Amino acid sequence: MNNDKIIDGNLIANEIKEEIKLEAGRLKEERGIVPGLAFILVGNNPASQIYVKSKGKTCNELGFYSVTEELPEDIDESVLLDLINKFNNDSKIHGILVQLPLPSHIDETKILEAIDYRKDVDGFHPQNIGRLVAGKDCFYPCTPFGIIELLRRSKIETQGKSATIIGRSNIVGKPLANLLLRKEINCTVSVCHSGTSDIRKYTLNSDIIIVAIGKPEFLKADMINEGCVIIDVGINRLPDSTKKSGYRIVGDVDFKNCYEKSFKITPVPGGVGPMTIAMLMKNTLLSAKGEVKF
Ligand code: GUN
């Protein structure tokens with residue numbers, strides 16, 4: 001998209017992936033290390049299958065080693081734990097990703113905690129979450145990490161700015177709040193959620209607004225201030241008979257109307273989405289280089 005207001009996630013993600021590819025090539029040449037990522041996919045969730053395939057393809061493009069283990073839906077938890085343990089002890093593997101959601105008979109917390117936190121490139125292990133909150137070096141969860149990179153590479157000033165996050169999920173809202181609080185970013189952060197009595201009160205006073213609640217076109221133009229920056233994490237399907245598929249994809253932001261008032265804004269699709277895979281690759285590279293200092 002050739003437009004100064006639009007933060008082009010595809011363009012920025014491609015730029016990051018090019019940098020990673022070059023760095024991975026150098027790492028192989030200089031130290032004989034090929035970044036390696038293991039994917040574990042349980043069951044037949046079609047969305048999960050597509051995600052894992054796409055992540056594996058990106059590994060190939062960047063010169064990473066990858067392996068995908070597909071397990072049937074009714075697998076015993078112990079089999080999954082054994083597989084994680086195998087990858088924990090495999091020196092060719094620098095990152096382990098168990099695709100979520102897991103079938104309901106499997107204890108997700110137990111599985112995520114079984115991953116060696118030094119290979120936890122999703123940043124979901126309590127060790128990484130705790131270190132993130134404490135401001136220590138750790139793996140950042142990929143979507144919040146991608147949002148920070150979008151802001152940084154779009155040269156958006158964050159020092160001393162007020163940021164409002166709408167949504168308090170463990171994958172986006174909570175880790176993002178902690179990243180925005182870091183000294184090098186230095187935002188003053190509000191986190192709104194379903195129990196917030198007047199979300200507009202917060203968004204109207206914000207320089208940066210990040211929406212991650214999964215409600216189509218939730219953020220309206222009358223909720224924002226002229227000149228704000230809007231990051232839309234939502235991916236929602238709305239019925240649309242004019243489309244061949246019968247639906248169209250919209251974010252959590254009323255894009256058309258908010259666009260007019262904003263200084264910068266991410267589109268959906270093509271904003272935050274492409275950044276998540278790019279940052280997963282970045283985390284795997286950092287792991288292979290031993291650059292996260294635990
Ligand atoms: N399912 C949806 N998003 C993610 C993600 O970022 N990581 C994992 N492991 N599973 C997911």
- Item | Lone qualifier among Leu150, Leu181 - being closer than 19 Å to Ile265 by Cα and either at pLDDT 95 or above or surrounded by 15 or more Cβ atoms within 10 Å (Cβ to Cβ) (or both) | Leu150
- Task: Determine whether region 230-242 contains at least one residue that is at pLDDT 95 or above, assigned to a loop (DSSP other than H, G, I, E, B), touching a strand residue (DSSP E or B) at 6+ places or on another chain (Cβ under 7 Å) and within 18 Å of Lys174 (Cβ to Cβ).
- Result: yes
- Task: Only one of these is in a strand (DSSP E or B) and closer than 21 Å to Leu150 by Cβ: Ser169, Ser190. Name it.
- Result: Ser190
- Selected residue (criterion: most open to solvent (accessible area, probe 1.4 Å)) from residues of region 104-120 that are closer than 13 Å to Asn283 by Cβ and not in a loop (DSSP other than H, G, I, E, B): Arg118
- Task: Please verify whether region 264-274 includes one or more residues that are at pLDDT 95 or above, out of contact with any Gly (no Cβ under 6 Å at 6 or more places or on another chain) and open to solvent by 60 Å² or more (accessible area, probe 1.4 Å).
- Result: yes
- Task: State the number of residues belonging to region 121-136 that are part of a helix (DSSP H, G or I) and open to solvent by 20 Å² or more (accessible area, probe 1.4 Å).
- Result: 6
- Note on the structure: Going through region 64-110 in order, the residues found to be more than 15 Å from the ligand (Cβ to nearest atom) and within 20 Å of the chain's Cα centre (by Cα) are Phe64, His94
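Residues in region 230-245: is at least one buried (at least 22 other Cβ atoms within 10 Å of the Cβ), among the acidic types (Asp, Glu) and under 21 Å from Ile16 (Cα atoms)?
Scanning region 230-245 turns up at least one residue that is buried (at least 22 other Cβ atoms within 10 Å of the Cβ), among the acidic types (Asp, Glu) and under 21 Å from Ile16 (Cα atoms).
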- Screening Arg248, Arg200 for residues that are more than 30 Å from Gly36 (Cβ to Cβ), open to solvent by 60 Å² or more (accessible area, probe 1.4 Å) and either within 16 Å of the ligand (Cβ to nearest atom) or part of a helix (DSSP H, G or I) (or both) leaves only Arg200
- Message: With the structure loaded, tell me whether Ala24 is open to solvent by 30 Å² or more (accessible area, probe 1.4 Å), in a helix (DSSP H, G or I) and not polar (S, T, N, Q) or whether it fails that test.
- Response: no
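The values are calculated or read from the model by the stated rules, or taken from the named source; none is laboratory data. Treat the numbers as computed from the prediction; the structure is a model and nothing was measured. A quick note on method: Cβ atoms are made from the backbone with ideal geometry, for glycine too, and the neighbour counts reach across all protein chains shown. Quick note on the areas: whole protein, heavy atoms, side chains included, nothing else; ligands and nucleic acids left out. Shrake-Rupley method; radii C 1.70, N 1.55, O 1.52, S 1.80 Å.
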